[in-house]
Amino acid sequence: MIALDRRVRVALAATALILVGGAVGYVLGTGTGEDEPSTMEVNGRKALYWYDPMAPSQHFDKPGKSPFMDMQLVPKFADEAEAGGVAIDPARTQSLGLRTAVAKPGTLDSSLVASGIIEFNERDVSIVQARAAGFVQRTYGRAPGDVVAAGAPLADILVPEWAGAQTEFLAVRRTGDQPLIRAARQRLALLGMPHGIIASVERTGRVLNVVTVSTPRGGAIKSLGVRNGMTVSQGLTLAEVNGLGTVWLSAAVPESAAGLVRVGQGASVSLSAFPGESLAGRLTAILPSVQEASRTLTARIELPNRGGRLRPGMFATVSFAGDGRTVLLVPTEAVIRTGRRTLVMIALPGGRYQPAEVQVGREAGGQTEIIAGLALGERIITSGQFLIDSEASLSGIAARPLAAPAVQQRPAR
């Protein structure tokens, strides 16, 4: 009985060694594709290796069943590797309804339409200040928002300090001493007296210590800080006047379209207030910050305001002209976006197809700009390319990288 148990254990151990040896032999026989595969013939064609279509990166040096799936390995023939790409049967190609197009030069419709608001030209602002301390004797009924002409009076201010200085100047003038007269006149100017008042005092011989403050330019009064009877100090801002000869149009350009606008670009402006009219302007500035809420940047267009018709706050629509650059274009439907990269399917001679990685740019009118990865004249698939891309993936066909030189092809006639 003991001898029988010993014979059973020996038999079981021998069986285990046979199974382990068989498994090791299978692994050594199949390989992982790291070594250079041998070339074998299948039906008169040279096979480089066999692969599982569900795991094309793993190569085997002989046929058999896949260790990953319950299916036969597929041979990769040498003539297929030399030709490049994946071959599709012509009958199958016709049933798929494949359509092709040629990469060709063209221009994209890169015009951009944005909305905007008319605003004051902040470069055309004048500040009216008191040249000396005094008292407001009279105002001229102005109010913020009034449109005034250049030289329009704002207020009469009594300046007591000027009376004494002018009296001294007249006394010195009667002496006839020219150096003293020049020094006295210079003192009047340093006290802030306008040249017109100094000339009037010298001409009439009378003291003028009331000055009329007026606007240095025409425009709209944005702020007014002078009232009848108030006391003013030297340097106090009495009014702020904004010119209306030109206005700004602040257009809201989407962040995604920031590359379509540039300083100096022409713009066509239409306003709902003047239907049927179009104003020509030019982009003078693009503000450096982006509005966080709307994700837009502000493009500033300067417009002439003949007759003062353009009023701040008006709504306008602006169309930016395109740059007219010639670029390489393909139909947008031909582009395959995987999320990790962008591909197109190139139609090679002999009914073969190869995926190629491309870098795309702008899109407009059903056309996409190709920045890199494709050459002028190369023919690509525009319909059914997803099925061919799947076939190439199953066949282990690698996409042509961006760094690889593109093949120059002549467009088909």
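The values are calculated or read from the model by the stated rules, or taken from the named source; none is laboratory data. Computed from a prediction, not measured in an experiment: that's the story for all the values here. Neighbour counts run over all protein chains shown; Cβ positions are idealised from the backbone, glycine included.
Can you tell me which residue in the range 275-296 is surrounded by the fewest Cβ atoms within 10 Å (Cβ to Cβ), limited to those that are within 16 Å of Gln265 (Cα to Cα) and in contact with a Leu (Cβ under 7 Å, 6 or more places away or on another chain)?
So, considering only residues that are within 16 Å of Gln265 (Cα to Cα) and in contact with a Leu (Cβ under 7 Å, 6 or more places away or on another chain), the one surrounded by the fewest Cβ atoms within 10 Å (Cβ to Cβ) is Leu287.
Mind checking which pairs have a first residue in the range 346-363 that is exposed (fewer than 14 other Cβ atoms within 10 Å of the Cβ) and a second that is modelled with pLDDT of 80 or more and outside any strand (DSSP E or B), Cβ under 6 Å, 6 or more apart or different chains?
Sorted first by the residue in the range 346-363, then by its partner, the pairs are Gln359/Gly373; Glu363/Thr332.
Considering (1) within 24 Å of Val148 (Cα to Cα); (2) in a helix (DSSP H, G or I), say which one Leu180 fails and leave the rest.
All conditions are met except number (1).
Which residue is modelled with the lowest pLDDT, if the candidates are limited to the range 65-84 and must be assigned to a loop (DSSP other than H, G, I, E, B) and more than 14 Å from Ala47 (Cα to Cα)?
Gly84
Among (1) out of contact with any Lys or Arg (no Cβ under 9 Å at 6 or more places or on another chain); (2) within 30 Å of Leu191 (Cβ to Cβ), where does Ala143 come up short?
Against the list (1) out of contact with any Lys or Arg (no Cβ under 9 Å at 6 or more places or on another chain); (2) within 30 Å of Leu191 (Cβ to Cβ), Ala143 comes up short only on (2).
Tell me the residue from Gly196, Gly264 that is at pLDDT below 90 and either of a type in the set (Asp, Glu) or outside the structural domain of Thr296 (by TED's automatic domain parsing) (or both), please.
None of the others qualify; the one that does is Gly196.
Go through the range 332-345 and report how many residues are β-branched (Val, Ile, Thr) and without any contact (Cβ under 8 Å) to a residue 40 or more places away in the chain.
Total meeting the criteria: 4.
Name the residue that is farthest from Arg262 (Cα to Cα), counting only residues in the range 289-320 that are out of contact with any strand residue (DSSP E or B) (no Cβ under 8 Å at 6 or more places or on another chain) and assigned to a helix (DSSP H, G or I).
Gly307
Collect the residues in the range 188-207 that are over 60 Å from the mean Cα position of the chain (by Cα) and not in a helix (DSSP H, G or I), keeping them in residue-number order.
Matches in the range 188-207: Gly205, Arg206, Val207.
Being over 30 Å from Asn121 (Cα atoms) and of a type in the set (D, E, K, R) is the requirement here; does Arg262 meet it?
Answer is no for this residue.
Going by the structure shown, is Leu329 touching a helix residue (DSSP H, G or I) at 6+ places or on another chain (Cβ under 7 Å) and at pLDDT 90 or above?
no
Of all residues in the range 111-168, which are surrounded by 17 or more Cβ atoms within 10 Å (Cβ to Cβ) and of a type in the set (S, T, N, Q)?
Across the range 111-168, the qualifying residues are Asn121, Thr139, Gln166.
Could you list, in sequence order, the residues of the range 244-259 that are surrounded by 16 or more Cβ atoms within 10 Å (Cβ to Cβ), among the aliphatic types (A, V, I, L, M) and within 23 Å of the chain's Cα centre (by Cα)?
Leu249, Ala251, Ala252, Val253, Ala257
With the requirement that a residue be at pLDDT below 90 and either touching a His at 6+ places or on another chain (Cβ under 8 Å) or assigned to a strand (DSSP E or B) (or both), what does the range 106-140 give you?
Those that are at pLDDT below 90 and either touching a His at 6+ places or on another chain (Cβ under 8 Å) or assigned to a strand (DSSP E or B) (or both): Gly106, Leu112, Val113.
For the range 299-333, which residues satisfy the criterion of being within 27 Å of Arg123 (Cβ to Cβ), of a type in the set (A, V, I, L, M, F, W, C) and either surrounded by 13 or more Cβ atoms within 10 Å (Cβ to Cβ) or in contact with a Pro (Cβ under 9 Å, 6 or more places away or on another chain) (or both)?
Residues satisfying the conditions are Ala299, Ile301, Leu303, Leu310, Met314, Ala316, Val318, Phe320, Ala321.
Only one of these is assigned to a helix (DSSP H, G or I) and either surrounded by fewer than 13 Cβ atoms within 10 Å (Cβ to Cβ) or out of contact with any Gly (no Cβ under 6 Å at 6 or more places or on another chain) (or both): Arg262, Arg185. Name it.
Numbers: Arg262 fails: assigned to a helix (DSSP H, G or I).
So the residue among Arg262, Arg185 that is assigned to a helix (DSSP H, G or I) and either surrounded by fewer than 13 Cβ atoms within 10 Å (Cβ to Cβ) or out of contact with any Gly (no Cβ under 6 Å at 6 or more places or on another chain) (or both) is Arg185.
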